[in-house]
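Before any comments, here is the structure.
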2 protein chains.
Amino acid sequence: MPAATNPANHDHDHCIADALTRADALCAERGARLTALRRQVLELVWTSHRPRGAYAILEDLSQREGKSAAPLTVYRALEFLVEQGLVHRLESLNAYIGCAAPGAVHSGQFLVCEACGNAVEIDDPRIRAAIDTIAAERGFQVDRPTVEVRGRCTDCQEKTP
Amino acid sequence: MPAATNPANHDHDHCIADALTRADALCAERGARLTALRRQVLELVWTSHRPRGAYAILEDLSQREGKSAAPLTVYRALEFLVEQGLVHRLESLNAYIGCAAPGAVHSGQFLVCEACGNAVEIDDPRIRAAIDTIAAERGFQVDRPTVEVRGRCTDCQEKTP
DNA sequence: GGCATGATGTTATTTTATAACGTAGTCAGC
DNA sequence: GCTGACTACGTTATAAAATAACATCATGCC
């Protein structure tokens, strides 16, 4: 049973289970190897809806395994998960978060609350379209657009208005 | 005389001089202290149009001064410059770049070429508008939007099509 | 001049990430 | 089943990026 699941009023265990199920399906479909280690790291990334640092995951992993794992263990698993689109890296936080819609095309857009730390993936086509338009005007060939918006989520605005 | 100025066909010395002049004016206007050290770090950030890491700047600074400076020296100067809007931090690169339009409101948008390393500040209102729209729809209060688009600039596309 | 404030110096440490090399599973084809 | 190639994982060391804590120095104001 994973720790610290119910941050608000939703069944986070369900989020985790869902994410793992989708990951299993996607990797099977692609012939990618979602090994026990990688699966476990994915689960630890999904501990909450807050982006998690590699070393936080490392600590959890060490605790679970009863022995201290090496940073590379986690970084390699994360690399795989990011490649498969199961996890995103938040550049402005040096942290990782589970992808809300793996399998679908995603361009990596996030609303990050500076109060509670939660990050919500938005992937809105309008932002992507705006970026594509401007890039086209300048002859710039887009490869990987990163959008990370810091601010305050609705809940946190209500708490301290 | 700064090193490695003319990357392409523009007078980069002019870019640097310009940036310093504007910085002087802005800081004077605001009563902010652009000290010799900070001014020098700003100049080193402007070495090229490629984002530069703090430690690269540190190295240059040490060389200029003839003695090795401490990381904090550079980080503190950079912090000041970022606060004043004279320099931006590129989150996805852990690097810093001179602001193209200090004084004006800017939301920090960049096109970063993965081939030549150059980064161009765009600050396009359409991207900002798209972000604001989506944030408003979700009740998210925007504080600091970060947009960093990786890809290939026109020049580099021509070189290897 | 004296004092408050802000800037810089110095040393140590933390956090994040990668390099280099070796071992051990895993799967395909025979 | 065996072999060989490939991929994943373990281990140790190190690099890169950033900050903490505290001392000292400069600057501007009264």
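The values are calculated or read from the model by the stated rules, or taken from the named source; none is laboratory data. Keep in mind it's a predicted model, so treat the numbers as computed, not measured. Backbone-built Cβ (ideal geometry, glycine too); neighbour counts: all protein chains shown. The protein model used for the area step is the full one, side chains on, heavy atoms only, and it has no ligands, DNA or RNA in it. Shrake-Rupley method; radii C 1.70, N 1.55, O 1.52, S 1.80 Å.
Values as computed for the structure displayed
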quantity	calculated
Filtered residues of segment A:35-63 (kept if free of Cβ contacts under 8 Å to residues at least 40 places away in the same chain and within 12 Å of DNA strand D (Cβ to nearest atom))	A:T35, A:A36, A:R39, A:Q40, A:Y55, A:L58, A:L61, A:S62
Looking only at segment A:65-75, and only at residues there that are closer than 14 Å to A:L44 by Cα and open to solvent by 50 Å² or more (accessible area, probe 1.4 Å), the one that is nearest to DNA strand D (Cβ to nearest atom)	A:E65
Matching residues in segment A:116-152 - criterion: being part of a loop (DSSP other than H, G, I, E, B) and within 14 Å of A:P51 (Cβ to Cβ)	A:C116, A:G117, A:N118
Single residue of segment A:113-127 satisfying the filter (more than 9 Å from chain B (Cβ to nearest Cβ) and aliphatic (A, V, I, L, M)) that is most open to solvent (accessible area, probe 1.4 Å)	A:A115
Any chance A:V82 is surrounded by fewer than 18 Cβ atoms within 10 Å (Cβ to Cβ), among the hydrophobic types (A, V, I, L, M, F, W, C) and at pLDDT 95 or above	yes
Flag if B:H88 is in contact with a strand residue (DSSP E or B) (Cβ under 8 Å, 6 or more places away or on another chain) and assigned to a loop (DSSP other than H, G, I, E, B)	no
Hits in segment B:12-25 (condition: more than 16 Å from the chain's Cα centre (by Cα) and within 16 Å of DNA strand C (Cβ to nearest atom))	B:D24
Complete set of residues in segment B:108-123 that are closer than 17 Å to A:Q141 by Cβ and charged (D, E, K, R)	B:E114
Check on A:T154, loosely packed, with under 14 Cβ neighbours inside 10 Å and either facing chain B (nearest Cβ under 8 Å) or at pLDDT 95 or above (or both)	yes
